[in-house]
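Remarks on the structure that follows.
The values are calculated or read from the model by the stated rules, or taken from the named source; none is laboratory data. Here the structure is a predicted model, which means the values were calculated and not measured. Positions of Cβ are backbone-derived with ideal geometry, glycine not excepted, and every protein chain shown enters the neighbour counts. Just the protein is used for accessible areas: all its heavy atoms, side chains included, with ligands, DNA and RNA removed. Shrake-Rupley method; radii C 1.70, N 1.55, O 1.52, S 1.80 Å.
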Amino acid sequence: MVELGLPHSDPIADGPVIQAAAMRAIEAGMNTDVYFDVASKIRAQVPLVFMGYYNMILRRGLEKFAGDCADSGITGLIVPDLPPEETGPLRAACEKAEVDLISLVAPNTPPERISYIAEGSSGFLYLVARAGVTGARADLQESTKALIERVKTPLPKAVGFGISTPEQAAEVIRAGADGAIVGSVCVDLISKGDLAGLEDLIRRMKAAILEAVAVEAAGRI
Amino acid sequence: MRAEQIRSDDHIEMGADEDLMKITDASMTRFGRFGGQFVPETLMQPLKELAEAYSRLKVDPQFRGELSALLSNYAGRPTPLYLAKSLSRELSRKVYLKREDLLHGGAHKLNNVLGQALVAKTMGKTRLIAETGAGQHGVASAMVGANLGLDTEVYMGEVDIERQKMNVYRMELLGARVIPVRSGSRTLKDAINEAMRDWAGSYETTHYLMGTVAGPHPYPLMVRELQSIIGTEAREQILKAEGRLPDSVAACVGGGSNAMGIFSGFLQDEATKLIAVEAGGRGTSSGLKIADHGACLNLGEDGVLHGAMTKILQDPYGQILESYSLAAGLDYPGVGPELAHLVEVGRVTPAIADDGAALEGFRRLSVLEGIIPALESAHAVGFALKDPEALGEIAIINLSGRGDKDLATVMEHEGGEGI
Ligand SMILES: Cc1ncc(COP(=O)(O)O)c(C=O)c1O
């Protein structure tokens, strides 16, 4: 799956790397029209997912935005500043356009709220690996593994925030996640123009994850 | 279902003594269609804990006693309601000034920070973080941090640090650390972003001390209630002085805390006109990235900024614009959601005073009354000078702060060297 971020001037959930990338993109003329144009031109074999802040969606109009997602091949939306209490109107628009609205669970989300969030989510559930904002971290916290275990849902579970190495990705898979979400480190490589490095990193991530999945599957037999 | 639950959890018991809690509807996270909690999931739990602690404490006699003692003995409450004789003569009507400029620190900001810092301390937090634009809220935060023994760190845009060196020094003198914000436009809105990002990772030990009635629930409600002492006092004082309610109450609006503070005393008095004076800056137009003003109630549109649905300044795609005003405290591209609601339902009348009108208010009040107002408050004075008819026979202007901090700005504006 590829997450395509729409840059916002005030990204409150993002750390320095993605903030800086958003500023550069806005400076270079990126806006919502260009975004959907780019999205519709991407020919990927994997699903495309939107990531961006609520005001950008609100401004375009919820139904129009969800419709534009569907028309440009985007299958789901991740909106980090939209907790479940506020998702109602956008969820209705997404259902109408038949795209997923993916909810987030944080390490400090209480148990009863986890099920409330999971019930309202579609596509997959985004597990925020740690408190704070996006950005690479050297270590994977024990609390992240605990969170993966705590969240019980029929939806696939993907873990993000702070994952930057194949080892970390494999670790969350072994802990029971179905996917690892890697953002800042990719953005960083792109900003340096190191596309070969990016391809290499993604290949190594994929290999590490597939191996972790295989080991886990073998363990189950 | 869940939203309903949270609302009923939030529903606070109204005590007999209502002066700390003049509320329109405390059972909601919203004011009409404005407000709410548009924040990352990580912040939902800290906000819930804060809302619960606050609604418990505000009716707790011990907490109220402590706050009340600090407000009188440390901050200097009650502040006077002063009949400005020369200004009244000039405008051919009675104009009273609510003297928040006489509060410790030189502005109304201390009412809010004292309350929040006490809540934080009772919650067991050891560290305060705050955002600041002009530095006034940062200075007030640094004061309570020192007074209550809490570590205090203040986020401030790099551009503002350059503009407000004196306040940076004051904060440091008071033992706070000023953290330069280099992201985005490097001004107040980015300082708020940075404080929210910090809080998302530090909430276990840290309270985010928001400086105005903006942000996600419970901040707009809590800050308004903590500032409502201005309106409670002013209402009693005017009744004592005049034997009747004023025809109007005017206040400047940045985020809206001094305005909501004084308005809240008069919300039920339908015959009293409530005038919210916003910064007209250098004009009513907007560039691609910067608006020429800070007038969200007058010229803004619906949007989400800093966790609340409100009136904001934005471009056609939803990117937030920078605002502009000579008064740093009014230089904010959003406004408190409750004010957006009160304007929409017609209870509050929005007005504009531009830089020129504010400078006129700044000078005239100095000469007429021997009071140098903060450039922010000077917007309300400037509006009164420009449109006295709007005030009626008896008016109160909320003098939210004193102008000593603005001397360099005004001198520079006049083509002088500044200091
Ligand atoms: C003296 C004074 N008045 C008014 C304001 C504006 O804030 P608010 O609208 O929250 O009262 C500020 C903000 O720094 C201020 O320092």
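Within the stretch A:176-204, residues that are more than 20 Å from A:L104 (Cβ to Cβ) reach partners that are open to solvent by 50 Å² or more (accessible area, probe 1.4 Å) with beta carbons closer than 6 Å, at six or more positions or on different chains, in the pairs A:D188/A:V17. For B:S88, the conditions (1) without any contact (Cβ under 8 Å) to a residue 12 or more places away in the chain; (2) open to solvent by 20 Å² or more (accessible area, probe 1.4 Å) all hold with the exception of (2). Taking the criterion of being open to solvent by 10 Å² or more (accessible area, probe 1.4 Å) and either part of a loop (DSSP other than H, G, I, E, B) or in contact with a Phe, Trp or Tyr (Cβ under 8 Å, 6 or more places away or on another chain) (or both), the residues of the stretch B:200-216 that qualify are B:Y203, B:E204, B:T205, B:T212.
When both residues are 6+ apart or on different chains and their Cβ atoms are under 6 Å apart, which pairs have a first residue that lies in the stretch A:153-175 and is in the same structural domain as A:Q141 (by TED's automatic domain parsing) and under 24 Å from A:P16 (Cα atoms), and a second that is basic (K, R) and open to solvent by 20 Å² or more (accessible area, probe 1.4 Å)? Correct list of pairs: A:G162/A:R137; A:P166/A:R204. Scanning the stretch B:164-182 for residues being buried (at least 21 other Cβ atoms within 10 Å of the Cβ) and within 14 Å of chain A (Cβ to nearest Cβ) gives a total of 1.
The residue that is nearest to B:V304 (Cα to Cα), among those in the stretch A:54-87 that are in contact (Cβ under 8 Å) with a residue 40 or more places away in the chain and more than 8 Å from every other protein chain (Cβ to nearest Cβ), is A:I78. Among residues that are within 18 Å of B:G307 (Cα to Cα), touching a Gly at 6+ places or on another chain (Cβ under 9 Å), open to solvent by 10 Å² or more (accessible area, probe 1.4 Å) and among the aliphatic types (A, V, I, L, M), A:L82 is not included. Taken over the stretch B:124-163, the criterion of being over 17 Å from B:K109 (Cα atoms) and either polar (S, T, N, Q) or open to solvent by less than 10 Å² (accessible area, probe 1.4 Å) (or both) is satisfied by B:T126, B:G157, B:D160. Can you find, within the stretch B:278-305, the residue that is farthest from the other protein chains (Cβ to nearest Cβ) among those that are within 15 Å of the ligand (Cβ to nearest atom) and out of contact with any Asp or Glu (no Cβ under 8 Å at 6 or more places or on another chain)? Selected residue: B:E278.
Looking across the stretch A:30-48, the residues that are within 14 Å of chain B (Cβ to nearest Cβ) and loosely packed, with under 13 Cβ neighbours inside 10 Å come down to A:D33, A:D37.
The single residue among B:G184, B:G215 that is within 12 Å of the ligand (Cβ to nearest atom), on the phi > 0 side of the Ramachandran plot and of a type outside the set (D, E) turns out to be B:G215. Among the residues of the stretch B:263-277, the ones that are more than 11 Å from the ligand (Cβ to nearest atom), surrounded by 21 or more Cβ atoms within 10 Å (Cβ to Cβ) and aliphatic (A, V, I, L, M) come to 2 in all. Of all positions in the stretch B:171-181, at least one carries a residue that is part of a helix (DSSP H, G or I), touching a helix residue (DSSP H, G or I) at 6+ places or on another chain (Cβ under 9 Å) and within 15 Å of the ligand (Cβ to nearest atom). Only one of the numbered conditions (1) in a helix (DSSP H, G or I); (2) surrounded by fewer than 19 Cβ atoms within 10 Å (Cβ to Cβ) is not met by A:I117, and that is (2).
If you check B:M260, B:M210 for being of a type in the set (A, V, I, L, M, F, W, C), within 14 Å of chain A (Cβ to nearest Cβ) and within 13 Å of the ligand (Cβ to nearest atom), only one passes: B:M210. Filtered by the rule that a residue be open to solvent by 30 Å² or more (accessible area, probe 1.4 Å) and touching an Asp or Glu at 6+ places or on another chain (Cβ under 7 Å), the stretch B:327-350 gives B:G329, B:P350. Of all residues in the stretch B:222-257, those that are open to solvent by less than 10 Å² (accessible area, probe 1.4 Å), of a type in the set (S, T, Y) and away from the ligand (no atom under 15 Å from the Cβ) total 1.
Within the stretch B:310-326, the residues that satisfy the criterion of being open to solvent by 10 Å² or more (accessible area, probe 1.4 Å) and away from chain A (no Cβ under 13 Å) are B:Y324, B:L326. Inspect the stretch A:19-27 for any residue being closer than 16 Å to B:P40 by Cα, crowded, with 24+ Cβ neighbours inside 10 Å and either of a type outside the set (A, V, I, L, M, F, W, C) or more than 8 Å from chain B (Cβ to nearest Cβ) (or both) and give the result as yes or no. Yes.
Determine whether B:A358 is buried (at least 17 other Cβ atoms within 10 Å of the Cβ) and closer than 13 Å to B:L97 by Cβ. Spelling it out, it is not the case that B:A358 is buried (at least 17 other Cβ atoms within 10 Å of the Cβ) and closer than 13 Å to B:L97 by Cβ.
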